[in-house]
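The values are calculated or read from the model by the stated rules, or taken from the named source; none is laboratory data. Remember, it's a predicted structure, so these values are computed and weren't measured experimentally. Heads up, the Cβs are rebuilt from the backbone with ideal geometry, glycines too, and the neighbour counts pull from every protein chain shown. Side chains are part of the model used for accessible areas, which takes the heavy atoms of the whole protein and leaves out ligands, DNA and RNA. Shrake-Rupley method; radii C 1.70, N 1.55, O 1.52, S 1.80 Å.
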Amino acid sequence: MTKRLIFLGPPGAGKGTQAKRLAQQLNIPHISTGDILRGAISERTPLGQKAQSYMDRGELVPDDLILDLIRERLSQEDALQGWILDGFPRNVEQARFLEELLSELQQNSDCVLSLDVPDDVLIARLLARGRKDDGEETIRRRLEVYREQTEPVNGFYGDRLHIVRGNDTPEAVTQLLQDIVNSG
Ligand code: ADP
């Protein structure tokens, strides 16, 4: 059974929703770097203070803030049996770092899933969600950052990548993802 999953895909593709469901079903932690960063902001930690302006502008938070966080999180007890990564890796450098970290931890990622949703649907979903970084201009920038920095991560994983059509009901997408995960 596949227990270490990496979720890729543009903002608004439904990674968070789907990752949460699968994590619950597989009984493994859902590790969302966006959630961790938003938690740090609301607790006013030094990490949160450094990250906030980047997030508000739709830019990636610098790698030096993210990499230690991931190393720490994946080394925790509850992550030994598996995990779902949502929002990481977000550029090729982060993907390389993750490969190294996993080999240090003597782990392998089992499955890389990318949710594919057309831009007009993404924009409509993000506008409807209305999170603090979901203003029109920030959304545009986040999609640009995705194309420039995150989409190349798909290529990094090559034939380990499964592209899943995300433009459907949440239930239908969960079913597609489960089929892949269970066959892996
Ligand atoms: P979404 O997938 O809807 O864009 P996330 O919650 O994954 O939302 O991310 C929100 C913001 O948090 C990003 O725009 C970025 O500023 C920051 N962020 C999250 N994960 C990372 C990461 N791995 N590297 C750099 N920045 C990140």
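Quick notes on this structure:
- Those residues of region 124-135 which are touching a residue at least 12 places away in the same chain (Cβ under 8 Å) and open to solvent by 60 Å² or more (accessible area, probe 1.4 Å), in sequence order: Arg125, Leu127, Arg129, Lys132
- Counted residues, region 44-67 - those being charged (D, E, K, R) and either more than 11 Å from the ligand (Cβ to nearest atom) or without any contact (Cβ under 8 Å) to a residue 24 or more places away in the chain (or both): 3
- With respect to the conditions (1) in contact with a strand residue (DSSP E or B) (Cβ under 6 Å, 6 or more places away or on another chain); (2) within 20 Å of Asn91 (Cβ to Cβ), Gly184 lacks only one, and its number is (2).
- Hey, Ile70 at pLDDT 95 or above, open to solvent by less than 20 Å² (accessible area, probe 1.4 Å) and away from the ligand (no atom under 11 Å from the Cβ) or not: no
- The listed residues are Ile6, Ile41, and the only one of them that is in contact (Cβ under 8 Å) with a residue 60 or more places away in the chain and within 15 Å of the ligand (Cβ to nearest atom) turns out to be Ile6.
- Restricting region 73-86 to residues that are open to solvent by 10 Å² or more (accessible area, probe 1.4 Å) and not basic (Lys, Arg), the residue that is nearest to the ligand (Cβ to nearest atom) is Asp86.
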